[in-house]
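What follows is one structure encoded as structure tokens, with my remarks underneath.
The values are calculated or read from the model by the stated rules, or taken from the named source; none is laboratory data. Note that the structure is predicted; figures quoted are calculated from it, not measured. Every residue, glycine among them, receives a Cβ derived from its backbone with ideal geometry; neighbour counts consider all protein chains shown.
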Amino acid sequence: MPPLVHVVWADLDRAATAALPRWREILSQDENARAARFRFARDRNRYIARRGILRLLLARQLDRAPAALRFGANAYGKPLLIGGGCEFNLSQSRGLALFALGADIAIGCDIEFHDRGFLAENIPERFFSPAELDELRAAPAEAQIIAFFNGWTRKEAYIKARGLGMSLPLDSFDVSLAPDERPPLHRGCVGWSARTVAPAPGCSAAIIAEGTNWDIAAHSLDPLALLREALIAV
């Protein structure tokens, strides 16, 4: 069977408002210390909920206790699970978090709510390759915002999947900007493929994984149901 990438998205503000003390209990001492350094309560609470959800998702995938999980990073800063067993990646935009998990398959994901400001100030010219820029400018004016964020999320997800950080130049590879569920990847992306999901109106989200023969299971996650499930299992 081809590898399966599990993709879920969750409302962090709802999760934090309903059960912040519970999420805190799931986090490690280091994670709680990092949370305390956030200046604004909203950012702090979103971080706590995001890390708590990640721990519960990985624990369910691996049939392990959430507190037993230890995290690290590769030389370029990509998060990883110490001891392996599951690859993962996550992204957040305006309180909506995207999580991607899969066994033995490199993954990257990105989610972004659309903001027309990104079409100004030569941002496409600074971050897109010449081929991507040509595709963007060829799109009708009303479709350019979607095309831009299709490309933006795919480029971000690809960089994260490769795990090379910004040592991988943004103009060294090309992605499609088309609104396809399985958009093609072009120059510089041999051995990788993409999927597109639609977590909410007015946002784009992409998942990139190694190989071309993998499946995706994607859905909205109720973080409170996930929390209740974990408490029942204890």
Check the stretch 28-40 and report whether any residue there is under 28 Å from I105 (Cα atoms) and over 20 Å from the mean Cα position of the chain (by Cα).
yes
Restricting attention to the stretch 150-184, and to residues there that are assigned to a helix (DSSP H, G or I) and of a type in the set (K, R), which single residue is surrounded by the most Cβ atoms within 10 Å (Cβ to Cβ)?
R154
For the subset of the stretch 6-22 comprising residues that are of a type outside the set (S, T, N, Q) and over 24 Å from G108 (Cβ atoms), which member is surrounded by the fewest Cβ atoms within 10 Å (Cβ to Cβ)?
P21
Looking only at the stretch 23-59, filter to residues that are surrounded by fewer than 16 Cβ atoms within 10 Å (Cβ to Cβ) and among the acidic types (D, E); which one of those is nearest to S220 (Cα to Cα)?
D43
In the stretch 185-214, which residue that is part of a loop (DSSP other than H, G, I, E, B) and among the β-branched types (V, I, T) is farthest from the chain's Cα centre (by Cα)?
V190
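Among the helices (runs of 4 or more DSSP H) lying completely within the stretch 13-130, list those that include at least 2 residues that are not assigned by TED's automatic domain parsing to the domain that holds E142. Spell out how you get there, then give the answer.
Values: elements: 29-36, 41-62, 123-127.
In the stretch 13-130, the matching helices (runs of 4 or more DSSP H) lie at 29-36, 41-62.
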Every residue in the stretch 60-80 that is crowded, with 19+ Cβ neighbours inside 10 Å and not charged (D, E, K, R), please.
P66, L69
